[in-house]
Each structure stands twice: as structure tokens, then as C-alpha cells.
Amino acid sequence: MAMKKIFISLTATLMIACTNDKEGNNMSLNNTTDVVASILKEGKTFNLADFEWTREPESFAINGDTIEIVTKPKTDLWQRTYYHFRNDNAPAFQISTKEKYFSFVVKTNFKESHHRFDQCGVVMYLDSDNWLKGSIEYENEQFQHLGSVATNNGYSDWATTAIPADVKSMWYRFSRRADDFCIECSTDGEEWSQMRVCHMYEAKDSIRFGIYACSPEESSFKAIFTDMKITECMWKAHDGQQPDEE
């Protein structure tokens with residue numbers, strides 16, 4: 001079994017460098033309280049030590065508020081639709097909560113992405129058949145895909161728009177309103193554009209959300225995540241047509 005080294009300072013700074021063993025065993029930190037609720041209601045400090053790996057990558061580093069993931073070839077998330085295959089091995093760094101209304105923000109840097117489908121972004125991974133992700137997927141030297149995938153009950157969709165290949169940084173904002181969700185993107189962390197609004201059938205109570213990176217084909221690159229924070233829900237209630245009476 002490969003040796004793993006974990007360094008945890010006595011302060012809130014966390015520095016980690018490790019590799020998985022051959023069985024992919026996960027060395028993670030266990031949450032005992034609802035940290036998201038504590039941040040929103042009690043002003044608890046946001047801390048990456050509250051996150052856990054859902055499939056730990058072979059190579060990563062956490063230094064202060066910066067996370068670096070080096071992707072492994074042939075890692076991906078996809079279920080059935082159109083391609084008729086199932087991929088379920090991308091690593092994700094997530095936190096759990098029962099909080100119904102909040103937003104999660106992260107800045108991604110993927111200047112090293114270079115091969116078709118290299119990607120990194122925001123994710124809510126519940127299980128292999130139910131998850132949501134938003135990211136940029138590299139395509140070629142001319143363009144890449146800014147998009148999102150919602151997977152419900154084992155079937156994925158993919159909604160995208162083409163953007164120039166020289167875009168190498170993007171902010172994402174993931175918001176929850178009960179069991180409905182919104183993903184937005186921004187080039188500066190100030191002005192936001194909606195990417196997707198969706199309902200997740202299995203997100204009725206506790207969920208897990210955070211970041212992910214993967215390389216579905218024969219590739220590897222370093223994805224960098226910074227400026228993560230949890231805030232009150234910035235996806236405000238709809239101010240148009242009123243809900244139907246149930």
C-alpha cells in the first residue's frame with residue numbers, strides 16, 4: 001500500500017499531499033455538525049477542513065484556501081444518455097448539509113487543460129445516479145464548452161455553449177432553494193450569468209456539494225480552485241407568476 005502523508009497545522013491552514021492506495025481507499029475528515037448552517041446562522045469561519053473527498057484523487061494539494069487537483073486519465077462523470085455508457089470515477093471534494101437555502105462560490109483556474117473533455121468546476125454528487133455539475137470542458141485550440149450536466153435517476157443531460165479556448169479561468173455559483181438548484185458563472189466574480197435551473201429528485205434533505213476535476217480521455221492537467229465561500233442564497237425567490245396551489 002502506498003504511503004500517504006497528511007500535514008495538518010494547529011491553525012486553520014490545512015496542507016495535504018497524498019496518493020491513493022491501489023484500492024482507492026479514502027482518507028477523509030468526518031463532519032459531525034452542519035457546517036453550512038453554522039456559517040450562515042452563527043458566523044462560523046469557512047474552513048476547507050470541513051470538506052471530504054468523494055473518491056480521493058491520486059495527486060492533490062491543499063494550501064490555505066487553495067486546492068490543486070492533478071487529474072488522472074479516463075476519469076469522468078456520465079450516465080447512459082446518448083452515449084449509452086456509464087462513467088463514475090471523477091474525484092470530488094465536498095461538504096454535507098441539510099441547509100435548504102444558500103449559495104456556494106468558487107473560482108477555477110484551468111490554464112493547463114489541453115485535451116478534449118479536460119474539465120473542472122462545481123459539483124453536487126449525491127450518488128452515481130444523481131448528481132449535478134457545472135464546468136468548462138476543453139474541446140480544441142479554437143473553442144471549449146461552458147456547460148452543465150444534471151443527472152437524475154441514472155440519466156444525464158448536457159447543456160452547453162461554445163466559448164473561446166483562451167478562457168482559462170471561471171467563477172461558479174451553486175445555489176439551493178429547497179430541492180431546486182441554480183448554477184451561475186462569472187468571469188470576474190461580480191457579474192453573474194445563469195447556466196441552469198433544475199430540480200434534483202433525490203436532493204430532498206441532506207446533500208453534498210463542492211468541486212471536481214477530471215480528464216475523460218488520455219490526459220492529465222492541474223486544476224486550481226480558490227476563493228471558495230458559502231453565503232446566504234443569492235438566487236432569489238421568483239418575482240413573476242405565483243406558484244400553483246397544491
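The values are calculated or read from the model by the stated rules, or taken from the named source; none is laboratory data. These numbers were taken from a predicted model, which means no experiment stands behind them. For neighbour counting, all protein chains shown are included, and Cβ atoms are generated from backbone atoms with ideal geometry for every residue, glycine included. For accessibility, only protein heavy atoms count, side chains too; no ligands or nucleic acids. Shrake-Rupley method; radii C 1.70, N 1.55, O 1.52, S 1.80 Å.
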Answer yes if at least one residue in the range 191-200 is assigned to a strand (DSSP E or B) and within 25 Å of Thr33 (Cα to Cα), and no otherwise. no
In the range 222-246, how many are assigned to a strand (DSSP E or B) and either at pLDDT below 95 or open to solvent by 100 Å² or more (accessible area, probe 1.4 Å) (or both)? 1
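Residues checked against (1) touching a Phe, Trp or Tyr at 6+ places or on another chain (Cβ under 8 Å); (2) of a type outside the set (S, T, N, Q):
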position: Pro91; (1), (2): yes, yes
position: Lys100; (1), (2): no, yes
position: Val105; (1), (2): yes, yes
position: Thr108; (1), (2): yes, no
position: Phe117; (1), (2): yes, yes
position: Val122; (1), (2): yes, yes
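Do you know which residues across the range 20-52 are modelled with pLDDT of 90 or more, open to solvent by 30 Å² or more (accessible area, probe 1.4 Å) and acidic (Asp, Glu)?
Across the range 20-52, the qualifying residues are Asp34, Glu42, Glu52.
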Quick one: which of Gln142, Gln119, Gln94, Gln79 is farther than 25 Å from Glu56 by Cβ and modelled with pLDDT of 95 or more? Gln142
Count, please, the residues in the range 82-96 that happen to be assigned to a strand (DSSP E or B) and open to solvent by less than 10 Å² (accessible area, probe 1.4 Å). 4
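Give the residue, chosen from Ser215, Ser219, Ser206, Ser186, that is surrounded by 22 or more Cβ atoms within 10 Å (Cβ to Cβ) and hydroxyl-bearing (Ser, Thr, Tyr). Working first, answer last.
Numbers: Ser219 fails: surrounded by 22 or more Cβ atoms within 10 Å (Cβ to Cβ); Ser206 fails: surrounded by 22 or more Cβ atoms within 10 Å (Cβ to Cβ); Ser186 fails: surrounded by 22 or more Cβ atoms within 10 Å (Cβ to Cβ).
Testing whether each residue is surrounded by 22 or more Cβ atoms within 10 Å (Cβ to Cβ) and hydroxyl-bearing (Ser, Thr, Tyr) leaves just Ser215.
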Per the filter on the range 111-154, residues part of a loop (DSSP other than H, G, I, E, B) and charged (D, E, K, R) are Lys111, Glu112, Arg116, Asp118, Asp129, Glu139, Glu141
Go through the range 145-169 residue by residue and tally those that are within 21 Å of Asp188 (Cβ to Cβ) and in contact (Cβ under 8 Å) with a residue 24 or more places away in the chain. 8
